[in-house]
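Okay, structure first, notes after.
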Amino acid sequence: MAMAILHSVLVAAHLLGMAVIVGTFLVQMRKKSDFAVVPVLIAAIVQVVTGLALVGLAEASDYDLNYAKIATKAIIATAVLVAAIFAYVMQKKGGRITPFFHAAGGLALINLLVAVFWR
Ligand code: HEM
């Protein structure tokens, strides 16, 4: 019971995190400046933390995961996080944010497709 609630909370946070990254990207992808970098950075951290927690929970419940898929998602999510960190640093320093913002959003979109289509 407690495990089921924890699982639902983690999945909800995981889907919300995805919505924030992909949603922000789709709404702002034609902008040239003033990107909402902080929500994307926070959500990129949420994705890695909740994703790993979901893997841990599946392990604890002896649920079989597709590890090739999980590894692929982990690598892409790490790249999303690195891109979001660069976007944040560039915003602080006054450098070019666009390529990093687009990398974070585009890669998160790819991870969504990996999550849904790779069964
Ligand atoms: C930008 C990063 C990510 C995005 C956009 C994303 C997207 C998604 C989506 C859309 C689902 C729901 C799929 C479905 O129920 O059919 C999902 C589930 C899942 N994701 Fe991610 N994910 C990301 C990162 C990660 C990472 C880093 C991990 C682990 C290393 C991970 C592990 C999982 C697991 C285990 C589930 C299954 C949850 C369940 O029990 O239903 N995800 N992800």
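The values are calculated or read from the model by the stated rules, or taken from the named source; none is laboratory data. What you are looking at is a predicted structure, and each value in this text was computed from that prediction instead of being measured. Methodologically, a virtual Cβ is constructed for each residue, glycine included, from the backbone with ideal geometry; neighbour enumeration extends over all protein chains shown. These accessible areas exclude ligands, DNA and RNA; they are computed on the full protein's heavy atoms, side chains included. Shrake-Rupley method; radii C 1.70, N 1.55, O 1.52, S 1.80 Å.
Quick one: in the range 23-50, which of the residues that are more than 14 Å from the chain's Cα centre (by Cα) and assigned to a helix (DSSP H, G or I) is nearest to Ala108 (Cα to Cα)?
Applying the first criterion (more than 14 Å from the chain's Cα centre (by Cα)) to the range 23-50 yields 26-36.
Restricting the remaining residues to those that are assigned to a helix (DSSP H, G or I) gives 26-28.
Details: Leu26: 11, Val27: 14, Gln28: 15 Å.
Of everything passing the filter in the range 23-50, Leu26 is nearest to Ala108 (Cα to Cα).
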Here are some conditions: (1) surrounded by fewer than 17 Cβ atoms within 10 Å (Cβ to Cβ); (2) closer than 18 Å to Gly105 by Cα. Ala53 meets all but one. Which one does it not meet? (2)
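Which one is nearest to the ligand (Cβ to nearest atom), of the residues in the range 32-57 that are of a type in the set (Gly, Ala, Ser) and closer than 15 Å to Ala12 by Cα? Walk me through how you get there before you give the answer.
Taking the range 32-57 first, the residues of a type in the set (Gly, Ala, Ser) are 33, 36, 43-44, 51, 53, 56.
This time we only want the ones that are closer than 15 Å to Ala12 by Cα, so: 43-44, 51, 53.
On the way: Ala43: 8, Ala44: 7, Gly51: 2, Ala53: 9 Å.
Restricting to residues being of a type in the set (Gly, Ala, Ser) and closer than 15 Å to Ala12 by Cα, the top hit is Gly51.
Within the range 29-42, is there a residue that is of a type in the set (Ser, Thr, Tyr) and open to solvent by 30 Å² or more (accessible area, probe 1.4 Å)?
Residues of the range 29-42 of a type in the set (Ser, Thr, Tyr): 33.
Still in the running and open to solvent by 30 Å² or more (accessible area, probe 1.4 Å): 33.
The answer is yes, given that some residue of the range 29-42 is of a type in the set (Ser, Thr, Tyr) and open to solvent by 30 Å² or more (accessible area, probe 1.4 Å).
Quick one: is Ile70 under 15 Å from the mean Cα position of the chain (by Cα) and closer than 19 Å to Gly106 by Cβ?
Details: under 15 Å from the mean Cα position of the chain (by Cα): yes; closer than 19 Å to Gly106 by Cβ: no.
No; evaluated as a whole, the condition is false for this residue.
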If you take the residues of the range 56-68 that are touching a helix residue (DSSP H, G or I) at 6+ places or on another chain (Cβ under 7 Å) and touching a residue at least 40 places away in the same chain (Cβ under 8 Å), which of them is least open to solvent (accessible area, probe 1.4 Å)? Leu57
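With respect to Leu65, is the statement that it is in a loop (DSSP other than H, G, I, E, B) and either near the ligand (Cβ under 8 Å from one of its atoms) or modelled with pLDDT under 95 (or both) true? Don't jump to the end; show me each part of the working.
Details: in a loop (DSSP other than H, G, I, E, B): yes; either near the ligand (Cβ under 8 Å from one of its atoms) or modelled with pLDDT under 95 (or both): yes.
In short, yes.
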Test: Met18 is more than 9 Å from the ligand (Cβ to nearest atom), touching a helix residue (DSSP H, G or I) at 6+ places or on another chain (Cβ under 9 Å) and in a helix (DSSP H, G or I): no
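Would you be able to tell me the number of residues in the range 71-97 that are assigned to a helix (DSSP H, G or I) and either crowded, with 16+ Cβ neighbours inside 10 Å or in contact with a Leu (Cβ under 9 Å, 6 or more places away or on another chain) (or both)?
So the first thing to find is which residues in the range 71-97 are assigned to a helix (DSSP H, G or I), and the list is 71-93.
Add one more test, that the residue is either crowded, with 16+ Cβ neighbours inside 10 Å or in contact with a Leu (Cβ under 9 Å, 6 or more places away or on another chain) (or both), and what stays is 72-74, 76-77, 79-81, 83-88, 90-91.
Here the count works out to 16.
Can Gly105 be described as surrounded by fewer than 18 Cβ atoms within 10 Å (Cβ to Cβ) and under 15 Å from the mean Cα position of the chain (by Cα)?
So Gly105 fails the test.
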